[in-house]
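The numbers here are math on the coordinates, done by the rules we state, and not lab data. In this text, all values refer to a predicted model and were calculated from it rather than measured experimentally. Heads up, the Cβs are rebuilt from the backbone with ideal geometry, glycines too, and the neighbour counts pull from every protein chain shown.
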Amino acid sequence: MNPDLAQERRRATFDPEQVTSLLYRGPENVRKRRYLQNAAIQDQVLRGSKPWAFQSRIEQYETALQMYIYMMNKLDEMGVTDPLERMYYQEAGAPHYYNPMALHTGMFIPSIEKQGTKEQKERWLPMARSLQLIGTYAQTEMGHGTFIRGLETTATYDPSSQEFVLNSPTVTSMKFWPGGLGKTSNCCLVMAQLITHGKKRGIHLFFVQIRDLKTHRHMPGVESGDIGPKFGFNSNDNGYLKLSNVRIPRENMLMRYSKVLEDGTYVPPTNQRIGYGTMVFVRAHIVTNSARGLSKACVIAIRYSAVRRQTEVSPGGPEAQIIDYQTQQYKLFPLLATAYAMYFTGRYAEDYYEQIASEIEAGNLESLNQLHAVCAGLKAFSTWACTAGIETCRLCCGGHGYSHASGIPKLYTYYTPGCTYEGENNVMMLQVARFLMKIYPDIKRGGPIHEFVQYLGADLTQKSCMTEEVALGCLLKAFQHRAARLLSDAAARIENLVRSGKSRQEAWDASTVALTWAAKAYCHTFVVRTFSQIVSDAAVDKSTKDVLTALCKLYAIDGIIENLGEFIEDGFFSPHQVSFLKNKLADLLAEIRPNAVALVDAFDYPDKTLDSCLGRYDGQVYPALYEYAKNSPFNEQEVLDSYHKFIKPAQTEQSQRAPMARL
Ligand SMILES: CCCCCCCCCCCCCCCCCCCCCCCCCC(=O)SCCNC(=O)CCNC(=O)[C@H](O)C(C)(C)COP(=O)(O)OP(=O)(O)OC[C@H]1O[C@@H](n2cnc3c(N)ncnc32)[C@H](O)[C@@H]1OP(=O)(O)O
Ligand SMILES: Cc1cc2nc3c(=O)[nH]c(=O)nc-3n(C[C@H](O)[C@H](O)[C@H](O)COP(=O)(O)OP(=O)(O)OC[C@H]3O[C@@H](n4cnc5c(N)ncnc54)[C@H](O)[C@@H]3O)c2cc1C
């Protein structure tokens with residue numbers, strides 16, 4: 001054990017186990033998670049032969065397939081059915097490979113479960129669970145990802161054969177990006193424009209078999225393939241798909257909410273957007289997933305910062321641990337606080353999703369819009385925080401952060417597409433703004449509105465209650481005030497533009513930056529509120545609560561300092577109050593310092609899930625870096641063939657021109 005890390009753990013003022021328990025919803029879940037992760041870590045089959053970064057793309061894909069299929073069988077044998085528990089096992093078994101069948105379990109099966117009829121579920125789900133059917137969610141096209149009403153793939157109903165005929169009529173209509181579509185899947189859910197009786201009926205999901213179930217060769221009229229190497233996700237065959245007069249039976253349209261009858265009569269759903277449900281479901285889960293990404297980067301960067309020493313602070317004295325530099329703390333501790341904030345918010349989003357989803361199941365669609373706004377907004381807010389935070393953690397590791405040995409570049413490429421997939425973040429923020437603007441008249445009137453948004457109607461002339469003590473309640477009020485004011489600003493801007501003669505749509509289009517500011521501020525407030533609520537309700541001892549409260553305050557204060565203009569432009573905070581906040585920020589960095597390592601230990605990631613030479617629990621960073629480097633295929637031979645092929649001839653040629661000087 002590295003002595004600095006051992007010392008850090010001794011200095012902690014709280015028991016990390018209590019925090020672990022809070023993060024994973026109780027000791028029983030912590031026990032199960034550990035049991036599953038240990039089982040995966042100890043499994044010889046999952047050991048892997050060489051680090052992923054030294055493998056070719058095909059090797060990465062094959063290793064991922066082999067490991068995930070092995071793990072699915074193991075989990076079935078162990079009787080583990082809960083998706084979260086399955087994920088924990090997989091996270092420890094194959095942390096470095098993105099599952100080529102992730103979309104099969106994550107979107108294909110859930111879409112059938114949520115949007116299929118009873119018969120469809122009975123027909124497809126058993127086959128999907130036994131991997132006879134391997135599916136994906138094929139919505140995005142080369143020409144359209146965001147604007148899904150503009151998708152070009154058509155599904156035209158032919159009443160004479162009672163079939164849909166699917167076509168990709170243009171190059172841009174080709175499905176492009178779906179995970180596992182290229183080579184792995186033999187079927188998919190295709191989002192296509194339904195046409196019956198010659199009329200367009202909007203986009204709907206269709207079950208389409210794309211490969212023969214025995215030979216895995218393409219079905220007639222189907223062309224598909226891998227889209228090539230990407231920024232990350234390279235063990236996944238994100239694919240393209242072109243459909244030419246592909247016929248599928250009428251029963252293959254997912255018909256739980258909308259139907260096409262035998263004669264082609266279209267029965268629309270109660271709400272056109274109910275078919276977007278799978279996206280809402282995934283967005284709710286992306287929040288915790290972002291917390292996972294950011295927290296892993298924090299574990300790596302904070303442990304490494306405790307081990308790494310650089311620069312004599314006094315001449316001839318010992319070099320300081322880099323974690324002792326206030327600037328390093330200022331980069332890392334707010335991110336640590338953000339990771340906690342996102343964990344708690346993700347938990348909240350998942351619970352809220354479950355609550356509203358069951359209301360929707362029961363036929364009550366009243367909260368659909370609000371659920372959509374919450375999930376879209378938190379998805380965007382959390383993925384932005386995660387991706388920016390991971391990059392800061394990488395920079396905090398200096399040169400070694402740039403190596404795959406650190407594990408951080410992999411985290412970055414794995415998490416940064418979260419800003420794009422499942423709804424591009426800016427577009428998602430505009431959906432939040434659309435929701436807020438729609439209820440704004442009710443907010444102003446003081447009409448019956450959800451508690452999430454009640455504060456948005458508050459009196460904007462009020463000033464901050466902040467004193468030198470910097471209470472959490474005052475911090476939350478500041479976020480509420482800023483969100484209410486930015487929303488009011490955006491609304492006023494739109495009204496002014498309308499008064500000046502623009503149409504509502506033109507006024508909206510000319511105000512999207514202001515609307516996005518308001519939506520982000522709303523999401524930020526949501527996170528501060530959830531974090532402070534969970535901390536104040538947490539059943540933990542006083543020392544643990546103190547540490548969590550410090551983190552929560554740091555999250556809020558850092559959020560204010562980083563966006564200071566928005567909190568002071570209307571004079572809400574006085575200059576005096578801003579100086580309280582700045583002082584408190586520095587105090588909090590010092591307060592959190594002795595607990596930083598224990599706070600990352602509390603995330604409870606076994607070394608294997610981090611896959612990092614820098615983030616090891618034992619802090620043996622330098623021997624690990626040396627071992628990692630030795631693994632490089634460059635080092636398999638003392639002299640590479642390329643020396644004989646290129647360097648030696650070049651030297652010979654040069655030396656003929658100019659004889660070599662004596663060394
Ligand atoms: C895989 C694992 C998953 C695991 C899951 C969990 C497992 C569970 C177990 C746990 C295990 C843990 C594992 C962790 C994994 C985490 C995941 C990470 C991996 C992810 C892998 C990567 C996958 C990536 C996959 C993909 O990427 S798949 C493609 C995603 N593609 C998009 O996301 C398109 C965006 N675009 C749009 O969503 C629309 O286009 C658009 C902009 C809204 C406009 O929509 P439009 O129809 O034009 O609507 P408007 O006119 O704007 O509005 C008109 C009206 O509709 C309303 N309304 C719009 N929406 C909606 C909506 N939803 N719902 C309701 N209403 C809506 C709007 O409020 C308005 O109401 P009103 O105001 O009128 O009352
Ligand atoms: C790793 C990865 C995996 C994916 N997996 C799948 C999958 O399994 N299945 C699937 O169907 N898709 C998948 N996708 C596709 C993904 O869902 C889309 O890329 C995403 O929805 C964004 O759409 P787009 O690419 O059309 O972006 P665009 O909409 O072209 O975005 C480009 C820019 O335009 C801006 N913009 C676009 N529209 C607006 C607007 N209305 N207002 C303001 N700004 C706007 C955006 O903010 C962005 O800055 C995946 C993508 C990636 C990267």
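As a proxy for reagent exposure, Leu336, Leu294 were ordered by neighbouring Cβ count within 10 angstrom, fewest first; the result is Leu336, Leu294.
Note on Val171 and Thr311: the extension gain reaches 44.6 nm, defined as 0.36 nm multiplied by sequence separation minus the Cα-Cα distance.
Which order do Asp351, Asp587, Asp558 fall in if you start with the one that has the fewest other Cβ atoms within 10 Å?
Listed from fewest to most nearby Cβ atoms, that is Asp351, Asp587, Asp558.
What is the diffusion coefficient of segment 15-106 in µm²/s, taking the Kirkwood radius over Cα pairs and the Stokes-Einstein relation at 37 °C with a viscosity of 0.692 mPa s? Reported coefficient: 232 µm²/s. Want the number for Ile41 to Lys502: 0.36 nm per residue separation, take away the alpha-carbon distance, what's left? Full-extension gain reported as 159.7 nm. With a ≥ b ≥ c taken as the square roots of the eigenvalues of the C-alpha gyration tensor of segment 1-61, please select rounded if a/c is under 1.5 and otherwise prolate if a/b is larger than b/c or oblate if it is not? The shape class here is oblate.
Computed on the chain, the Cα convex hull volume stands at 230 Å³ per residue. Summing +1 for each Lys or Arg and -1 for each Asp or Glu among the other residues whose beta-carbon sits under 12 angstrom from that of Leu497 gives +1. With 10 Å bins beginning at zero, the pair-distance distribution over Cα atoms of segment 133-269 amounts to 13, 45, 32, 9, 1 %.
Could you list the residues of segment 323-362 with an amide nitrogen less than 14 Å from a label point located 7 Å from the Cα of Ala590 in the Cα-to-C-beta direction? Once the point is set 7 Å along Cα→Cβ of Ala590, 325-327 turn out to lie under 14 Å by backbone N, inside segment 323-362. Here segment 71-141 is treated as an ellipsoid with the same Cα gyration tensor; its semi-axes, largest first and in whole Å, are 22, 16, 10. Label separation (Ser130 vs Asn245): 3.5 nm, computed from points 7 Å beyond Cα along the C-beta direction.
Each of Phe206, Phe147, Phe381, Phe452 was scored by other Cβ atoms within 10 Å of its Cβ. Listed from fewest to most, they are Phe147, Phe452, Phe206, Phe381. Note: segment 301-401, Cα convex hull, 90 Å³ per residue.
Of the residues Met72, Leu23, Pro51, the one whose Cα sits farthest towards the positive end of the charge dipole of segment 18-81 is Leu23 (charges of +1 on Lys and Arg Cβ, -1 on Asp and Glu Cβ, taken about the Cα centre). In this simple spin-label approximation, Ala471 and Glu28 carry label points 7 Å from Cα along the Cα→Cβ vector, and these lie 3.8 nm apart. Each other residue within a Cβ distance under 12 Å of Arg593 adds +1 if Lys or Arg and -1 if Asp or Glu, for a net charge of -3. Partners of Lys438 within straight-line reach, counting lysines whose Cα lies under 19 Å from its Cα and excluding those fewer than 8 residues away in the same chain: Lys502, Lys520. Bridgeable aspartates and glutamates around Lys379 (alpha carbons under 17 Å apart, same-chain partners fewer than 8 residues away excluded): Glu350, Asp351, Glu354, Glu422, Glu424. Size descriptors for segment 566-653, from the alpha-carbon set: Rg then Dmax equal 26.0, 74 Å. Entry for segment 443-520 at q = 0.23, 0.24 Å⁻¹: log10 I(q)/I(0) = -1.07, -1.11, Debye formula applied to identical alpha-carbon scatterers, no solvent contribution.
DSSP H helices in the chain with Cα extent of 27 Å or more along the helix axis and mean Kyte-Doolittle hydropathy at least 0.0?
277-307, 368-396, 425-445, 472-499, 512-537, 542-562
Extension gain, Asn426 to Glu262, is 54.9 nm, computed as 0.36 nm per intervening residue step minus the present C-alpha separation. Taken along the Cα-to-beta-carbon direction at a fixed 7 Å, the label points for Gln654 and Ile561 span 5.1 nm.
Charge tally for Ser358 (other residues, Cβ to Cβ under 12 Å; Lys, Arg +1; Asp, Glu -1): -3. Computed from backbone phi, the HN-Hα couplings of segment 258-271 come to 10, 9, 10, 7, 3, 7, x, 5, 9, 10, x, x, 5, 10 Hz, rounded to whole numbers (Karplus: 6.51 cos²θ - 1.76 cosθ + 1.60, θ = phi - 60°; Gly and Pro given as x). Normalised by 2.2 N^0.38 Å, where N is the number of residues, the alpha-carbon radius of gyration of segment 518-633 equals 1.44.
Grab the DSSP H runs of the chain that are 4 residues or longer, score each as -39,500 (n - 2.57), total them, divide by all residues and round the 222 nm result to the nearest 500 deg cm²/dmol. Walk me through the numbers on the way to the answer.
Numbers: 23 runs with 348 residues, N = 663.
Computed mean residue ellipticity for the chain: -17000 deg cm²/dmol.
Annotated for segment 133-269: lysine pairs at least 8 residues apart or interchain, Cα distance under 28 Å, count 17.
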